[in-house]
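*Asks:* Quick one: the structure is below, and I'll ask about it shortly.
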Amino acid sequence: MDREADTIRYLDAQYDYQHANPGTAANLIELFGGALDENDANYWRSILEILTDKGLILNACGMGGLGGLAGHLTARGLEFVEDARRRQRNPAERRKAATRLLLHWIDQQDQGNPSWMQIFPAFNAIRFLGDPLTQPELLGAAKRLADDGLIETHEGIAGLDGPDQVRIRPEGQRCVESGLDVDQYLARARRPEPPVQHTTWNVNGITGSAVVMGSQDFQQNVTNQSTSAAEVKLMLDAIFEAVKIMNLPAEQATAVIEQADVVRAEIGKPNADQAILRPAFQKIVDGLATGTQNTLSLVLPGLVQLWLIQHGMLLAPKN
């Protein structure tokens, strides 16, 4: 079963149902009729639980099988589906996704032992937001990855507009391991490294490499580094996941997520307003600092604060 494809399938069906039946929550039988297997009820329940955790649906599940599994898209869920549909229709988004997903697929197939493999299985295996990518899209992606030195290709079948075999290069493995999109990785790899000055902290008389949130007793010497909206959004995604396990007070967890949404909306604008971003970033840092006293809650707020200072998005605390 393809969890990602089924998740998008559910969201699409629920979106269409809500527009046709405002104010109602449909169960899975109402959405899909007899197309689902009753034995898969626990599988679908887990999908709805994940969507609830992400704030995309309001969970209306009850007891029983598929007939007891119901949800209702939140405003965030409606926006997610609309954005996904726009991206599915965008040729540039599809090209970018095909390049990233094909590289990851090749890396997964060889399990860290680069070897030649047929590309044809990828044609039925790779989807973008639940929508299958076409053979021409994936062959084009293979050509781009080869041109960028991330994979090797072999063309041996007449009439096939692209390679029939592929093999990942070490640079391609490093790209996958970086967690960045292909374009982000290549831009970073090709960008000259700026000189970065040594950074030291002295916290309560102890010199080290971590910052304790809320302490004003530290010295730092940092060089501001440029960053992109995409990098900020990656950080926000990481914060969203961290909030789930930091045991923040409910009010503070909500505040962190709300301020992250403020940043996400503003950072993508051509002239992002620092008067909006800096207070939002500060509220995120302050909210993270209210976690229980475990390792993550002690370290993460300070690391986020330092990253924001280094990238010019927060002002350094005054001594």
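Every number in this text was worked out from the coordinates using simple rules, so none of it is lab data. Predicted model, so just to flag it, every value in this text is computed and none were measured. Note that each Cβ is placed from the backbone with ideal geometry, even for glycine, and that neighbours are counted across all protein chains shown.
*Asks:* State which entries of 233/269; 54/96; 96/244 exceed 23 angstrom in Cα-Cα distance in the structure shown.
*Replies:* 54/96; 96/244
*Asks:* For a quick protection proxy, order the peptides 234-247, 276-289 by their average other-Cβ count within 10 Å, most packed first.
*Replies:* Result, highest mean first: 276-289, 234-247.
*Asks:* Restricting to DSSP loop positions (anything but H, G, I, E, B) with no more than 15 other Cβ atoms inside 10 Å of their own Cβ, which GluC sites (Glu not before Pro) remain in the stretch 73-181? Could you put the intermediate results ahead of the total?
*Replies:* On the way: sites: 79, 82, 93, 137, 152, 155, 171, 177; in loops: 155.
Passing sites in the stretch 73-181 are 155.
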